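Structure first, commentary second.
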């Protein structure tokens, strides 16, 4: 027997209708790379998104066609976030930090028919334009000057009247957006999000026990709009009518801090390395800046060191919300908000919990398997590969044979992350399977060592990689970047680690470098580090031998 409830479709069109009718007066702010401020309303944004939908139809874009966007964070890509799905097409955000050959592969693999591009990125487009088959290129231009054969975005919108827009009949299971993985372990793979998946994740962001996003929020995403749709923040803000502040993510710290204060930002999100660097800058300029309005920072890309969580909480009253996710989970899957009984623990014990990625958000389920394929007990000790399922988790990759290898027979996604899960369901991320240090038949977590190293006041960044060893298969090598004005010796860092780990876990050497390479999404690029230290010669005395 079916229930007697309406077949209401969970689509991005519903978000548009809600924003237009309830929040048409609310502000959206956009900053140009030169610092110029542009402000308009949700009502204006929706009207322009409708014009874009009509314009794309006039160019022959059919339902299901992929329309790519190559742009920084500003108001015009936001219009594309809604205008492209609003005509039945699929939004495909392109990572502008990728090599042109990767961009050519992705555009060709997705069969993009139309591309919207920032005028400042036309030189990047030129490097792969002749390797892809685009029917139209539309330029986000301020002065209307676009190359021959391309269309000016503003002129295109001016040809149409939003009153002529008619909603297409879109089913919630239809594709709304396409994002590709960063391709650190092979070719980038496409994750195709349904309207329903995006709508449900937006609802999850508004829950009090996740990020608690509400109408009164002022949201500034420092995740690029090309990275998992800025972690769905633009869609979530539109759902609740929160003020949005859109800026190019690559800001210097003084500019970022001024923007946070000027716009009264209450919630922001970005990769861990940004917030580590900002905290370091604040500590070196303690009298210059405040975080008056900011209530929370959501982080991703790497675990949060305890020192960072403590620093923001105790000096500025800002909560660090750790979560775990990936492109395949759109991205949120876990959250580290403390349940009531844990929220009453002493502060240092609370930090123990907050350094971990947390437990599954509603409607997401987790489990782990060991190397033999057996399910692992939730004992907080036994490591295994994390598997996940839920209404916004990918069931496979777009047009890819790798789908069969990443999804289990009973429909769970294999993540490639090695974790433990405790009795309460809290995961502790130990490593990517490819980054574990396999020493003498035992696993060593590079993530745990990195977090402990970055808890030292002298260390800005730390990455740990596995280096081949003749006796132990692999041993950990730590690569660290010092904070400005600090010095520390290898022996002092090892003494800092010693109380936290078994002796055989300790790195056999620590290398000091000027910088650690990062992926286009800000994670440590350990593949490059492994190449850099491929011929590394271990010290004569091995720490693991002393431990035995």
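The values are calculated or read from the model by the stated rules, or taken from the named source; none is laboratory data. Everything quoted here is computed from the prediction, not taken from an experiment. Ideal geometry is used to build each Cβ from the backbone, glycine not excepted, and the neighbour counts take in all protein chains shown.
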Tally of residues being surrounded by 16 or more Cβ atoms within 10 Å (Cβ to Cβ) and more than 24 Å from the chain's Cα centre (by Cα) across the range 359-413: 4
Condition broken by residue 498, with the remaining ones in (1) surrounded by 11 or more Cβ atoms within 10 Å (Cβ to Cβ); (2) touching a strand residue (DSSP E or B) at 6+ places or on another chain (Cβ under 8 Å); (3) modelled with pLDDT of 90 or more satisfied: (2)
Subset tally (residues that are outside any loop (DSSP other than H, G, I, E, B), closer than 17 Å to residue 178 by Cβ and touching a helix residue (DSSP H, G or I) at 6+ places or on another chain (Cβ under 8 Å)) for the range 207-233: 2
Only listed residue being buried (at least 18 other Cβ atoms within 10 Å of the Cβ), under 19 Å from the mean Cα position of the chain (by Cα) and without any contact (Cβ under 8 Å) to a residue 40 or more places away in the chain, chosen from 257, 282, 278: 278
Among (1) modelled with pLDDT under 95; (2) assigned to a helix (DSSP H, G or I) - the single one residue 106 does not satisfy: (1)
Search result, residues across the range 499-516 that are under 14 Å from residue 478 (Cα atoms) and in a loop (DSSP other than H, G, I, E, B): 506, 507, 508, 513, 514, 515, 516
Check on residue 116, more than 23 Å from residue 223 (Cβ to Cβ), touching a residue at least 40 places away in the same chain (Cβ under 8 Å), touching a helix residue (DSSP H, G or I) at 6+ places or on another chain (Cβ under 8 Å) and assigned by TED's automatic domain parsing to the domain that holds residue 44: no
Positions within the range 109-139 being within 20 Å of residue 79 (Cβ to Cβ) and in a helix (DSSP H, G or I), in sequence order: 119, 120, 121, 122, 125
Extreme residue, nearest to the chain's Cα centre (by Cα), among residues of the range 290-301 that are buried (at least 21 other Cβ atoms within 10 Å of the Cβ) and modelled with pLDDT under 95: 300
Sole residue being touching a strand residue (DSSP E or B) at 6+ places or on another chain (Cβ under 8 Å), outside any strand (DSSP E or B), surrounded by fewer than 23 Cβ atoms within 10 Å (Cβ to Cβ) and touching a residue at least 12 places away in the same chain (Cβ under 8 Å), chosen from 416, 425: 425
Qualifying positions in the range 1-43 - in a helix (DSSP H, G or I) and touching a residue at least 12 places away in the same chain (Cβ under 8 Å): 12, 13, 14, 15, 16, 18, 19, 20, 22, 42, 43
Verdict on residue 320 being part of a strand (DSSP E or B), outside the structural domain of residue 231 (by TED's automatic domain parsing), free of Cβ contacts under 8 Å to residues at least 40 places away in the same chain and within 19 Å of residue 218 (Cα to Cα): no
Test set (1) closer than 23 Å to residue 15 by Cβ; (2) touching a strand residue (DSSP E or B) at 6+ places or on another chain (Cβ under 6 Å); (3) surrounded by fewer than 24 Cβ atoms within 10 Å (Cβ to Cβ) - residue 92 fails condition number: (3)
